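What follows is a single structure, written as structure tokens, with notes after it.
The values are calculated or read from the model by the stated rules, or taken from the named source; none is laboratory data. Computed from a predicted structure; not experimentally measured. Here Cβ is always computed from backbone atoms with ideal geometry, including for glycine, and neighbour counts include all displayed protein chains.
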Amino acid sequence: MSNEIRSSTTTLAEMIAWLDQFAKERDWEKFHTPKNLSMSIAIEAAEIMELMQWTQGSEPIENTSNDSPIAEEIADVLAYLLRLASVLGIDPAQALALKIRKNAIKYPASVQPQE
């Protein structure tokens, strides 16, 4: 994979294919059960929280480069999430579009959030 990979030019299908191939080459498919992948998503998400554990929450994150610790944890969550979608046969783009439509009905833009 090239260092020139960008979200603006890389599809979810390409990323899923990378992850599927990566798992296949290492014979990890047997370990990538929905249970294990869902647990891995939660674990990696907790590692994002750990990076911010003792902050006030309002200060900026110092290092947000693509090879920073926070970027690595985001990549881990994304990788496990895309892998889970692949294992379950879910199209993540379609699932997100459907969820946004449901949320638009549930939370119309004209309604202001209550404080």
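Quick one: in the stretch 62-106, of everything that is among the charged types (D, E, K, R) and surrounded by 16 or more Cβ atoms within 10 Å (Cβ to Cβ), which residue is nearest to Lys35 (Cα to Cα)? Ranking the candidates gives Arg83 first. Looking only at the stretch 92-104, decide whether some residue is within 13 Å of the chain's Cα centre (by Cα), at pLDDT 95 or above and either over 30 Å from Gln21 (Cβ atoms) or of a type in the set (A, V, I, L, M) (or both). Yes - at least one qualifying residue is present in the stretch 92-104. Checking the stretch 46-53 against the condition returns no match, with no residue being over 18 Å from Met15 (Cα atoms), modelled with pLDDT of 95 or more, in a loop (DSSP other than H, G, I, E, B) and more than 19 Å from the chain's Cα centre (by Cα). The single condition from (1) surrounded by 11 or more Cβ atoms within 10 Å (Cβ to Cβ); (2) of a type in the set (S, T, N, Q); (3) in a loop (DSSP other than H, G, I, E, B) that Ser7 fails is (1).
Has the stretch 106-115 got any residue that is part of a loop (DSSP other than H, G, I, E, B), of a type in the set (A, V, I, L, M) and either more than 14 Å from the chain's Cα centre (by Cα) or at pLDDT 95 or above (or both)?
Checked the stretch 106-115: at least one residue is part of a loop (DSSP other than H, G, I, E, B), of a type in the set (A, V, I, L, M) and either more than 14 Å from the chain's Cα centre (by Cα) or at pLDDT 95 or above (or both).
Is it true that some residue in the stretch 29-38 is over 17 Å from the mean Cα position of the chain (by Cα), of a type in the set (Asp, Glu) and part of a loop (DSSP other than H, G, I, E, B)? Checked the stretch 29-38: no residue is over 17 Å from the mean Cα position of the chain (by Cα), of a type in the set (Asp, Glu) and part of a loop (DSSP other than H, G, I, E, B). Under the condition of being at negative phi and not in a helix (DSSP H, G or I), the residues counted in the stretch 69-93 number 2.
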